[in-house]
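Engineer: Have a look at the structure that comes next, please.
The values are calculated or read from the model by the stated rules, or taken from the named source; none is laboratory data. These numbers come from a predicted model, not from an experiment. As a convention, Cβ positions derive from the backbone with ideal geometry for all residues, glycine included, and neighbour counts pool all protein chains shown. For accessibility, only protein heavy atoms count, side chains too; no ligands or nucleic acids. Shrake-Rupley method; radii C 1.70, N 1.55, O 1.52, S 1.80 Å.
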Amino acid sequence: MKVVTIRTHDEFMRIAAEWQSLQERCPDSTPFQTWEWNSLWVKHFHKRKQLRVLLFRCEKTNALCGIAPLYIDWHRGSPIKSLKWLGTGVSDYLGLIALPQEMEAVTHAFYHYLSHTYRHWHITDLQQLPPCASLVQIKPPLYLESQYIACEPCPKIALPETWESLITSLGKKMRSNLGYYDRLIRRTFTRVEFSLADANQLEEGMTALFELHQQRWHARWLPGVLGTPRVQAFHRELAQVFLERGWLRLHLLKLEGRIESVLYCLTGHHKTYYYLGGFSPALHKYSIGTLLNAHAIQHAIEEGQTEFDFLRGNEEYKYRWNPQVSFNQQVLLTHTKFPARIAGQAGLAVHQVERYLEHKAKAFASKQGRKKETPSTEGAS
């Protein structure tokens, strides 16, 4: 198998059609591995990063059968160079993109590439790999030392053919709450509108998402994941592109004409992914977040989707839908050859400190959330 390295932005832009064609033929790929997602990530977050996108081509036909979308970065300004996936930070599933029948060969070719380029990186940090990913299942050769770290849980529900079938599988309390809160908001508000944003509503819907999501995080004295202009610009442009492709499901709940809850969902290969949501904290007693979740799940069933994935995070509201839970993996690779081994060990030490600080930050956020919010069936991650 031949490996071609894409290093420049011009080269990267020229592979758009091939990437799109390959991704469409990879049933296990997700919206986070599309050309559209990754090209916009490069546009908004690529500054001071070096592209290392690997194309795996068949020796005989030169046909593209796999992609490893990577970049090299100096880890937080240190001399340590990390090799990472494009999309790291904002993406919930990452990994190799390859035709199913070629995945094993692409994985071995990827390891071979790493073994011969170790002078250009100190640590390979492969985040958010699903447990079924080939880089989790196929172990690297001995000259690549590896660490496997369990990431956050990813709850998901297999969708039946009808909404009624799903409802009957839920607990009695959840079924009762869905009916109770639906009746409550319809008694309380004159105008209750569930809708899916179209091109005319997209800007208003995304603005409401940013505001409502941030309100909840600011109540915890935390910045939230949508707090920076760069992140918001990325998602605004992404939502427009995904809407044009038919991959966006931006669910809105309006009360008296005002957007009070938003669910930002993506679709691909007959699955719906709940990326982010927001609801007005002042209306938490009506559980409008849960009601909009229910609306989004029902819509996915009516579309014939097979799965509703809540993505990473262990928020309590996800578990009320009786999901199956898997844990993404982070794979850290270093080379055994001196002096690369020394730099790699330094990189691993830095990652250990970061994981500790991240754990403390999440624990603080969870504690603040429990202080600020009363128990309810609300949900917006």
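Engineer: Of all residues in region 239-254, which are in contact with a strand residue (DSSP E or B) (Cβ under 6 Å, 6 or more places away or on another chain), farther than 15 Å from PHE210 by Cβ and not basic (Lys, Arg)?
Structural biologist: PHE242, TRP247, HIS251, LEU253
Engineer: Kindly provide the set of residues from region 237-275 that are part of a loop (DSSP other than H, G, I, E, B) and either of a type in the set (D, E, K, R) or more than 17 Å from the chain's Cα centre (by Cα) (or both), ordered by number. Full working, then the answer.
Structural biologist: Going through region 237-275, the residues part of a loop (DSSP other than H, G, I, E, B) turn out to be 246-247, 256-257, 269-270.
Residues satisfying the conditions are GLY246, GLU256, GLY257.
Engineer: May I ask you to verify whether CYS132 is closer than 30 Å to HIS270 by Cβ, open to solvent by 50 Å² or more (accessible area, probe 1.4 Å), at pLDDT below 95 and under 28 Å from the mean Cα position of the chain (by Cα)?
Structural biologist: On the way: closer than 30 Å to HIS270 by Cβ: yes; open to solvent by 50 Å² or more (accessible area, probe 1.4 Å): yes; at pLDDT below 95: yes; under 28 Å from the mean Cα position of the chain (by Cα): yes.
Against the criterion (closer than 30 Å to HIS270 by Cβ, open to solvent by 50 Å² or more (accessible area, probe 1.4 Å), at pLDDT below 95 and under 28 Å from the mean Cα position of the chain (by Cα)), CYS132 qualifies.
Engineer: Could you list, ordered by first residue, the pairs with Cβ atoms under 8 Å in which the first is in region 79-97 and of a type in the set (S, T, N, Q) and the second is open to solvent by less than 20 Å² (accessible area, probe 1.4 Å) and modelled with pLDDT under 90, at least 6 apart or interchain?
Structural biologist: SER82/HIS75; SER82/TRP121; SER82/ILE123; SER82/GLY347
Engineer: Being over 20 Å from GLY277 (Cβ atoms), touching a Lys or Arg at 6+ places or on another chain (Cβ under 8 Å) and either surrounded by 14 or more Cβ atoms within 10 Å (Cβ to Cβ) or not polar (S, T, N, Q) (or both): is that true of GLY246 here? Show your work before the answer.
Structural biologist: Numbers: over 20 Å from GLY277 (Cβ atoms): yes; touching a Lys or Arg at 6+ places or on another chain (Cβ under 8 Å): no; either surrounded by 14 or more Cβ atoms within 10 Å (Cβ to Cβ) or not polar (S, T, N, Q) (or both): yes.
No.
Engineer: Same structure again: Answer yes or no as to whether HIS235 is under 19 Å from TYR273 (Cβ atoms) and modelled with pLDDT of 95 or more.
Structural biologist: Details: under 19 Å from TYR273 (Cβ atoms): yes; modelled with pLDDT of 95 or more: yes.
Yes; evaluated as a whole, the condition is true for this residue.
Engineer: On the basis of being closer than 29 Å to ASN38 by Cβ, touching a Ser or Thr at 6+ places or on another chain (Cβ under 8 Å) and outside any helix (DSSP H, G or I), does GLY278 make the cut? First the steps, then the outcome.
Structural biologist: Values: closer than 29 Å to ASN38 by Cβ: yes; touching a Ser or Thr at 6+ places or on another chain (Cβ under 8 Å): yes; outside any helix (DSSP H, G or I): yes.
Criteria met by GLY278.
Engineer: Now for a different question. If I ask for residues that are open to solvent by less than 20 Å² (accessible area, probe 1.4 Å) and touching a Ser or Thr at 6+ places or on another chain (Cβ under 6 Å), which ones from region 55-101 would you list?
Structural biologist: HIS75, LEU83, TYR93, ILE97
Engineer: To continue, here is another question. Give the residue, chosen from GLU161, GLU193, that is open to solvent by 50 Å² or more (accessible area, probe 1.4 Å) and in contact with a Lys or Arg (Cβ under 6 Å, 6 or more places away or on another chain).
Structural biologist: Numbers: GLU161 fails: in contact with a Lys or Arg (Cβ under 6 Å, 6 or more places away or on another chain).
Sole residue among the options that is open to solvent by 50 Å² or more (accessible area, probe 1.4 Å) and in contact with a Lys or Arg (Cβ under 6 Å, 6 or more places away or on another chain): GLU193.
Engineer: Could you give me the residue pairs with C-beta distances under 6 Å whose first residue belongs to region 321-340 and is in a strand (DSSP E or B) and open to solvent by less than 90 Å² (accessible area, probe 1.4 Å), whose second residue is of a type in the set (Phe, Trp, Tyr) and modelled with pLDDT of 90 or more wherever it lies, and which are 6+ apart or on separate chains?
Structural biologist: Taking only residues 6 or more apart or on different chains, the pairs are GLN329/TYR148; VAL331/TYR148.
Engineer: Here is a follow-up. Across region 153-203, what is the total count of residues that are more than 28 Å from ILE259 (Cβ to Cβ) and assigned to a strand (DSSP E or B)?
Structural biologist: First pass over region 153-203, keeping only residues more than 28 Å from ILE259 (Cβ to Cβ): 153, 158, 160-162, 164-165, 168-169, 171-173.
So of that shortlist, the ones also assigned to a strand (DSSP E or B) come out as 153, 158.
The total comes to 2.
Engineer: Sticking with this structure for a sec: Among residues belonging to region 102-128 that are within 26 Å of the chain's Cα centre (by Cα) and polar (S, T, N, Q), point out the one that is most open to solvent (accessible area, probe 1.4 Å).
Structural biologist: Among residues in region 102-128 that are within 26 Å of the chain's Cα centre (by Cα) and polar (S, T, N, Q), the one most open to solvent (accessible area, probe 1.4 Å) is GLN127.
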